[in-house]
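A.B. asks: Structure incoming, see below.
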Amino acid sequence: MSKHDVHMEHIDRDTGKLGMWIFLFTEMFLFGGLFLVYAVFRNGHSEDFHAAADDLNTFIGTMNTVFLLTSSLTVAMAISAVQKNDNVLAFRLVIITLLLATLFMADKYIEWSHEFRSGIYPGSQVLKNMPHGELLFFGLYFMMTGLHALHVFIGMILLTVSLIKIRKGNINYEHYLLFENSGLYWHLVDLIWIFLFPLLYLVT
Amino acid sequence: MKNTDTHGSGYAVYAIVLVVLLVLTTLSVVITSVHLGAFTVGFALLIAVIKVGAVISFFMHLRSENRFLKLAVAGVFTLYGLVVVITFIDYLFR
């Protein structure tokens, strides 16, 4: 590889990563808009928001926070491992990340099933009979955690693709932009949850 | 960019960051279980901001990125802050 090629690839990596960051900015504003709606409605219906948030299971929320934070660590470590030319360790760490993501989704399934059984789901009669503020809270709750769960799912797909490429050696210490960007996406999923968790589960 | 491969990639640093994040999570659960009224939201958000800062700086390596990206991230958060403030000015004083 000539000196020129090395230079070109360096620029590609920089721009590739910058592109990912810009995409993440749009994602921040997507969720930021929802947080703003939450803030305004909460301001107008604080009593109802308190009552509704009390219905959520703090334990499940806390466990999911632990799962996501830990999975962020394992992804960051996996990227370091690839940089250090240790694909075997990277492979194992991505597997652990995917397991943690699965635990998160399983928790979400248990949580939502429980709510659906109690008649709390978008458009349900139970919800329609609730005070207006509680209806707004649960609407935002399902919208925000649902959109977040969709992001977790997309992140899992990206990590699975990276996992296969790590196994095949297509992702290695010289070429790992896809994996690095998948990692950035995964951290964004974590960032959003860091705000969702206290606002929906804790501030009752 | 030049630093990303060497600095900030130590496993031990990452592990310490995770411990800090988990301690902060516990702290926010404990603090919000005590009813402090309006302060509860403030504390919870403050802890969330610190956690987000830690994830962006260490796990996302912003700490060792170039100045342009750091400014861009700071700019985006400032812009969002302005959007929130302007919305509330409109909402509260209409």
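A.B. asks: So what is the 222 nm mean residue ellipticity for chain A from helices alone, if each DSSP H run of at least 4 adds -39500 (n - 2.57) and you divide by all residues, rounding to the nearest 500 deg cm²/dmol? Provide the component values of the computation, followed by the final result.
C.D. replies: Details: 7 runs with 170 residues, N = 204.
Value at 222 nm, helices only, nearest 500: -29500 deg cm²/dmol.
A.B. asks: Would you mind counting up the charge near A:ASN43? Only other residues with Cβ under 13 Å from its Cβ, with Lys and Arg at +1 and Asp and Glu at -1.
C.D. replies: Numbers: positive: A:ARG42, B:ARG94; negative: A:GLU47, A:ASP48, B:ASP90.
Around A:ASN43, the surrounding residues sum to -1.
A.B. asks: Now for a different question. Determine the shape class of chain B: with a ≥ b ≥ c the square roots of the Cα gyration tensor eigenvalues, call it rounded for a/c under 1.5, and otherwise prolate if a/b is greater than b/c, oblate otherwise. Could the numbers behind the result be given before it?
C.D. replies: Working: a/c = 6.53, a/b = 1.31, b/c = 4.99.
Here chain B falls in the oblate category.
A.B. asks: Moving to a separate point now. Once each part is reduced to its C-alpha centroid, what is the distance from segment B:62-89 to segment A:124-198 in angstrom?
C.D. replies: Cα centres, segment B:62-89 to segment A:124-198: 22 Å.
A.B. asks: Shifting gears a bit: Shape verdict for the protein assembly as shown, please, from the Cα gyration tensor: rounded (a/c under 1.5), prolate (a/b greater than b/c) or oblate.
C.D. replies: Working: a/c = 2.13, a/b = 1.69, b/c = 1.26.
Taking the square roots of the gyration eigenvalues as a ≥ b ≥ c, the protein assembly as shown is prolate.
A.B. asks: A follow-up question, please. Please identify every one of the trypsin sites (Lys or Arg not before Pro) in segment B:1-91 that sits in a loop by DSSP and has no more than 12 other beta carbons within 10 Å of its own beta carbon. Kindly include the intermediate steps, with their values, before the conclusion.
C.D. replies: Numbers: sites: B:LYS2, B:LYS51, B:ARG63, B:ARG67, B:LYS70; in loops: B:LYS2.
Hits after loop and neighbour filter: B:LYS2.
A.B. asks: Return the calculated 222 nm mean residue ellipticity for chain B, to the nearest 500 deg cm²/dmol, obtained by summing -39500 (n - 2.57) across DSSP H runs with n ≥ 4 and dividing by the residue count.
C.D. replies: After summing the helix terms and dividing by residue count, I get -25000 deg cm²/dmol.
A.B. asks: Next up: On a 0 to 90 degree scale, rounded to 10, what angle separates helix A:58-83 from the longest Cα axis of chain A?
C.D. replies: 10
Every number in this text was worked out from the coordinates using simple rules, so none of it is lab data. It should be emphasised that the depicted structure is a prediction, and the values quoted were computed from it without experimental measurement. Cβ: placed from backbone, ideal geometry, glycine included. Neighbour counts: every protein chain shown.
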